[in-house]
Amino acid sequence: MAADPKGVEVVTFGCRLNTYESEVMKREAEAAGLGVLKNGAIIFNTCAVTGEAVRQAKQSIRKARRENPNARIIVTGCAAQTKPDDFVAMDEVDLVLGNEEKLQRHNYRALPDFGVNAFEKARVNDIFSVRETASHMVDAIEGRARAFIQVQNGCDHRCTFCIIPYGRGNSRSVPMGGVVEQVRRLAGNGYAEVVLSGVDMTSYGPDLPGAPRLGKLVKAILKQVPELKRLRLSSIDSIEADDDLLDAIATEARLMPHLHLSLQSGDDMILKRMKRRHLRDQSIRFCEDVRKLRPGIVFGADIIAGFPTETDAMFENSVRIVEECGLTHLHVFPFSPREGTPAARMPQVRREVVKQRAARLRAAGETAYRKHLASLAGTSQSILVEREGLGRTEGFTLAAIKAGQPGEIVEAVVTGHDGGRLLATPNAARAA
């Protein structure tokens with residue numbers, strides 16, 4: 001059995017926003033005094049996007065307790081926010097915090113045997129009562145070559161498959177000044193690339209004075225932080241892309257040529273049943289238009305396989321949209337019903353069919369990705385080294401490169417690929 005940890009350890013599941021918030025949580029927990037606990041503390045920052053994500057979190061919690069019998073275990077994140085009683089019922093767990101409470105220092109002082117007598121195991125408020133999202137300053141993202149920062153939280157939309165608004169609340173934006181200052185701070189600490197993240201990032205701004213849009217924020221960052229080498233966007237909703245954002249994509253070389261789209265399906269009827277706000281032709285047209293603005297831009301997308309009522313013909317529309325949109329980085333989600341969502345009450349597709357469709361979509365994505373790799377042979381690429389021997393191009397394509405330190409940008413030439421990543425040679429080495 002492993003020894004109990006010393007200090008505060010944070011285990012993160014799910015999205016980039018969770019990665020950023022885990023840094024805030026670690027700092028606040030240590031400031032609250034958890035770092036001096038004799039047997040340490042482990043914080044699980046969970047995800048609720050799928051039932052499998054929740055299952056994995058519970059499995060990890062049980063394993064952590066077996067290996068660290070005397071450590072204090074805290075559970076938070078979207079799974080804890082939406083189903084706190086499930087984690088309160090786990091004997092392995094000492095404290096459950098909601099998504100708002102996890103960022104507040106005083107809540108970490110609520111652990112039993114840590115200076116309090118009366119103790120409530122769960123501290124989870126009504127997330128829809130939260131009206132603002134503060135700018136939580138962090139100096140670094142542990143173990144990451146690029147930094148993530150939060151610009152927006154929550155979601156005002158109610159897609160029929162999604163539980164996340166109930167974990168994150170309504171949409172709220174971080175003021176522009178706070179975001180710019182956070183980017184400046186991270187760039188000053190040596191980060192060459194910063195990634196903007198949020199739950200529904202393209203809904204940024206209407207709750208702020210002057211109602212700025214995401215494009216205005218992007219332009220402000222690039223103008224006011226000239227020392228930042230690369231700015232990247234996480235997932236966006238193409239139907240909400242504003243004119244300033246499209247202009248920045250076309251004119252700002254430091255805004256990375258990679259967009260991950262929240263498509264979810266390629267069939268109009270399924271999109272309507274999902275309560276999405278776009279149709280397939282709008283997605284295809286968006287990709288075509290943006291390619292005219294920024295030739296060579298790379299698109300990724302989320303697509304759900306086997307959504308309730310999806311027929312074979314409807315599914316084929318999702319397969320075809322991979323090529324029609326020119327998608328390169330595909331995230332495929334086999335549909336799984338989430339309790340409390342309308343989609344869970346719709347006529348379900350048989351599980352074996354869902355799995356088969358997910359496999360076909362992944363195969364289509366792999367074919368598109370290998371085609372993309374082949375198309376880059378002989379090109380020059382700026383590669384951000386993530387760890388020894390591995391990095392990412394500006395288009396977020398994985399590349400093997402034997403040069404540079406994590407966080408450093410290396411100029412290189414692509415010599416080929418191995419089916420999963422580019423093979424790149426640093427320019428200096430090639431010239432030698």
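The values are calculated or read from the model by the stated rules, or taken from the named source; none is laboratory data. Everything quoted here is computed from the prediction, not taken from an experiment. Using ideal geometry, Cβ is built from the backbone for each residue, glycine included, and neighbour counts are taken over all protein chains shown. The area values use the complete protein model at the heavy-atom level, side chains included, leaving out ligands, DNA and RNA. Shrake-Rupley method; radii C 1.70, N 1.55, O 1.52, S 1.80 Å.
Can you pull the one-decimal nm distance between simple spin-label points at Arg55 and His106, each 7 Å off the Cα toward Cβ?
Going from the Arg55 label point to the His106 one covers 4.0 nm.
Find the accessible area per residue for the chain; the probe is 1.4 Å, ligands and nucleic acids are left out, and the unit is Å². The partial results should precede the final answer.
Numbers: 18520 Å² over 432 residues.
Here the per-residue accessible area is 43 Å².
Please compute the contact order of the stretch 355-402 in relative form: average sequence separation of alpha-carbon pairs under 8 Å and at least six residues apart, divided by the residue count, as a percent.
Numbers: 32 pairs, mean separation 9.6, N = 48.
This gives 20 percent for the stretch 355-402.
Across every pair of different alpha-carbon atoms, what Kirkwood hydrodynamic radius in Å does the chain reach? Write out the running numbers ahead of the final one.
Numbers: mean 1/r = 0.0436 Å⁻¹.
Taking the inverse mean of 1/r over all distinct Cα pairs, the chain comes out at 22.9 Å.
Between beta-carbons, use under 14 Å as the cut-off and find the net charge around Gln348, counting Lys and Arg +1, Asp and Glu -1.
Here the count lands on +4.
Using alpha carbon centroids, what distance separates the stretch 205-228 and the stretch 31-107, in Å?
Spelled out, the Cα-based centre of one part sits 34 Å from the other.
Based on the Kirkwood radius over alpha-carbon pairs, what is the Stokes-Einstein translational diffusion coefficient of the stretch 266-346 at 10 °C with 1.306 mPa s viscosity, in µm²/s?
Taking Rh from Cα pairs, D becomes 117 µm²/s.
Find out how many positive minus negative residues lie around Gly51, taking Lys and Arg as positive, Asp and Glu as negative, among other residues whose Cβ is under 14 Å from that of Gly51.
Values: positive: Arg55, Lys58, Lys83, Arg338, Arg351; negative: Glu52, Asp86, Glu339.
Around Gly51, the surrounding residues sum to +2.
Starting at the first residue of the stretch 387-392, write each ³J(HN,Hα) from the Karplus equation 6.51 cos²θ - 1.76 cosθ + 1.60 with θ = phi - 60°, in whole Hz, x for Gly and Pro.
8, 3, x, 8, x, 10
Over 31 Å between Cα atoms, which of Lys229/Lys355; Lys63/Lys121; Lys272/Lys292 qualify? Let's see the in-between values first.
Values: Lys229/Lys355 41 Å; Lys63/Lys121 20 Å; Lys272/Lys292 28 Å.
In this structure, Lys229/Lys355 lie more than 31 Å apart at Cα.
Computing the accessible area with a 1.4 Å probe over protein heavy atoms, can you report the carbon and sulfur percentage for the stretch 255-295?
Values: 900 of 1780 Å².
With neighbouring chains kept in place, the figure for the stretch 255-295 is 50 percent.
With a 1.4 Å probe and all protein chains left in place, how much of the accessible area of the stretch 350-432 comes from carbon and sulfur atoms, in whole percent?
50
Among 72-83, 57-68, how do they line up from the highest to the lowest mean number of other beta-carbon atoms within 10 Å? The partial results should precede the final answer.
Working: 72-83: 26.8, 57-68: 16.6.
For the peptides 72-83, 57-68, the packing ranking is 72-83, 57-68.
Considering only the other residues whose Cβ falls under 12 Å of the Cβ of Glu339, what net charge follows from Lys and Arg at +1 and Asp and Glu at -1? Don't skip to the answer; put the middle values down first.
Numbers: positive: Lys83, Arg338, Arg345; negative: Asp86.
Taking every other residue near Glu339 into account, the sum is +2.
Can you compute the charge dipole magnitude of the chain about its Cα centre, using +1 on each Lys and Arg Cβ and -1 on each Asp and Glu Cβ, nothing else charged? Give it in debye, rounded to the nearest 20. Write down the numbers at each step before the final one.
Numbers: 60 positive and 54 negative charges, 100 e Å.
I would put it at about 480 debye.
Run the helix sum for the chain: -39,500 (n - 2.57) per DSSP H stretch of 4+ residues, divided by residue count, reported at 222 nm to the nearest 500 deg cm²/dmol. Provide the component values of the computation, followed by the final result.
On the way: 13 runs with 145 residues, N = 432.
That comes out to -10000 deg cm²/dmol.
Please give every one of the aspartates and glutamates within straight-line cross-link reach of Lys216, meaning a C-alpha to C-alpha distance under 18 Å, and leave out same-chain neighbours fewer than 8 residues apart.
Partners within reach: Glu181, Asp200, Asp207, Asp237, Glu240, Asp242, Asp243, Asp244, Asp247, Glu252.
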